[in-house]
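Here's the structure we're looking at; comments come further down.
The numbers here are math on the coordinates, done by the rules we state, and not lab data. Note that the structure is predicted; figures quoted are calculated from it, not measured. Here the Cβ positions follow ideal geometry from the backbone for every residue, glycine too, while neighbour counts run over all protein chains shown.
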C-alpha cells in the first residue's frame with residue numbers, strides 16, 4: 001500500500017516519546033559540548049597566562065641585564081650627553097653670530113675723505129649710531145649717499161637717517177649724527 | 001517512562017524534570033568554572049600581556065641603548081669634550097674670560113681699561129655671563145681685538161659696542177660681551193632615555209672648532225669702495 005507523505009502512522013504517545021528522547025539527546029550533547037568548551041577555554045587561559053608570565057620574566061631578566069650595563073657605563077653617557085649639549089649650544093650661538101669686525105670694516109670703507117667719525121655705537125638690536133665731523137657739506141652729502149647707495153652702504157645698512165647736522169664750528173667743520181640699521185642683524 | 005533504580009528513588013513530583021538534570025548540571029558546572037576560574041584568569045591574562053608588552057618595549061630600548069653605549073669610543077669622546085670645553089667651559093670661569101680679554105687685547109695692541117662681570121646671566125640666555133670691557137687703542141687695535149674675540153676658540157659674542165674718541169685722542173671702545181658655559185650633563189632617572197644622535201652639522205662644527213684660531217680674521221664681505229683704513233682719524 002503506497003504511503004501518503006506527511007502522514008505518521010505511529011500512535012501519538014509513541015511520537016511524543018520519540019521527540020522527548022531526541023530533545024533529551026540534543027540538550028545532553030549541547031550542554032556537554034558547552035562544558036567541554038568552557039573547560040578547554042579555562043585550560044587554554046591558564047596556558048596563555050603561563051606563557052605571558054614566562055615571556056615577561058624573560059623580558060625582566062633582559063631589562064635587569066641592560067640596566068646594569070647602562071649603569072656601568074654612566075660616565076660614558078655623561079660624556080656623550082655633555083659633548084652633545086655643548087654642540088647644541090655652540091650651534092645656536094654661532095647660527096646668528098654678529099661680526100663686529102666686519103661692521104667696522106664696512107664703516108671704514110664707506111667713510112670718504114673729509115669725514116671723521118667721533119663716535120660709533122651699535123646695540124644688540126642692530127641699531128647703529130654714528131657721529132662725526134665733515135669738512136664740508138659736500139663731504140657729508142657724499143657720506144650719506146654712499147651709505148644709501150644700494151650697491152655700497154645700502155647693501156649693508158637700511159633706514160639711514162640724519163639725526164642732526166650743524167655747521168660753522170671753530171674750524172668750519174660740520175658736526176653730524178646719523179642712525180641706521182645693520183641688515184641681517186639678529 | 002522507563003526509570004533506572006536511582007531515578008525511581010527520586011520523589012514523583014521531581015520526576016518530570018529528570019530528563020533535564022544532566023543539561024542543568026552541566027550548565028551549572030560550566031557556569032561555576034567560568035565564574036571562578038575562566039573569567040578571573042582572562043582578566044589576569046590581559047594584565048600580564050600588557051605588562052609583558054610594556055616590558056618587551058622597555059627591554060628593547062634598554063638593549064639598544066646599552067649596545068649604543070658599548071659602541072661609543074670613550075677616547076674620541078674625551079677628545080671631543082676637551083675640544084668643546086675649549087669653546088664652552090663647563091663652569092662660569094669668570095677669571096678665565098677676564099684673562100682671555102686681557103690676553104686678546106694685549107695681542108691686538110690695545111689696553112684694557114675695564115673688564116668686569118656685569119650680570120651673571122644675559123637676558124633670555126641660560127648659562128651665560130655678561131661682561132663689560134672697555135679697551136683703548138687705535139682703530140686697528142680695536143678691530144684686531146674684535147676679530148680675535150670673534151675667532152677665539154672660546155666662543156664669545158659681542159652684543160654691543162660704543163666707540164668714542166677720548167681726551168687723549170685715543171679711541172675708547174665700550175663693549176658688552178657675552179660668554180657661555182654648559183655644565184656637565186645630568187643623567188635622568190629614566191634609564192630608557194635614548195642617547196642623543198649627532199647630525200652632520202654638529203660633526204662639521206667639531207672639525208671647525210679645531211680649526212678655530214684666535215687670530216684668523218673672518219672673510220671680508222665689504223663692497224669694493226674707496227674708503228678709509230681708519231675713519232676716526234683726520235687723514
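Of note:
- Neighbouring Cβ atoms from other chains, within 10 Å of the Cβ of residues in A:29-42, number 5 on average.
- Highest-first packing order for the peptide set B:177-183, B:143-149 is B:143-149, B:177-183, based on the mean count of other beta carbon atoms within 10 Å.
- Mean Cβ neighbour count within 10 Å, used as a protection proxy, ranking B:16-27, A:110-121 highest first: A:110-121, B:16-27
- Value of [θ]222 nm, deg cm²/dmol, for chain B, DSSP H segments ≥ 4, -39500 (n - 2.57) each, nearest 500: -14500 deg cm²/dmol
- Residue-averaged beta-carbon neighbours from other chains (10 angstrom radius) around B:68-74: 4
- Structure-based [θ]222 nm, chain A - -39500 (n - 2.57) summed over DSSP H runs of at least 4, per residue, nearest 500: -20500 deg cm²/dmol
- Counting, for every residue in A:157-165, the Cβ atoms of other protein chains within 10 Å of its Cβ and taking the mean gives 0.
- Kirkwood Rh and Cα Rg combined as Rg/Rh, chain B: 1.58
- The share of alpha-carbon pairs in region B:117-181 lying farther apart than 13 Å comes to 63%.
- Stokes-Einstein diffusion coefficient of the protein assembly as shown, Kirkwood radius over Cα pairs, 37 °C, 0.692 mPa s, in µm²/s: 111
- By the compact-protein rule of thumb, 2.2 N^0.38 Å, the alpha-carbon radius of gyration of region B:16-127 corresponds to a ratio of 2.75.
- With eigenvalues of the C-alpha gyration tensor scaled by 5 and rooted, chain A, Å: 104, 31, 11
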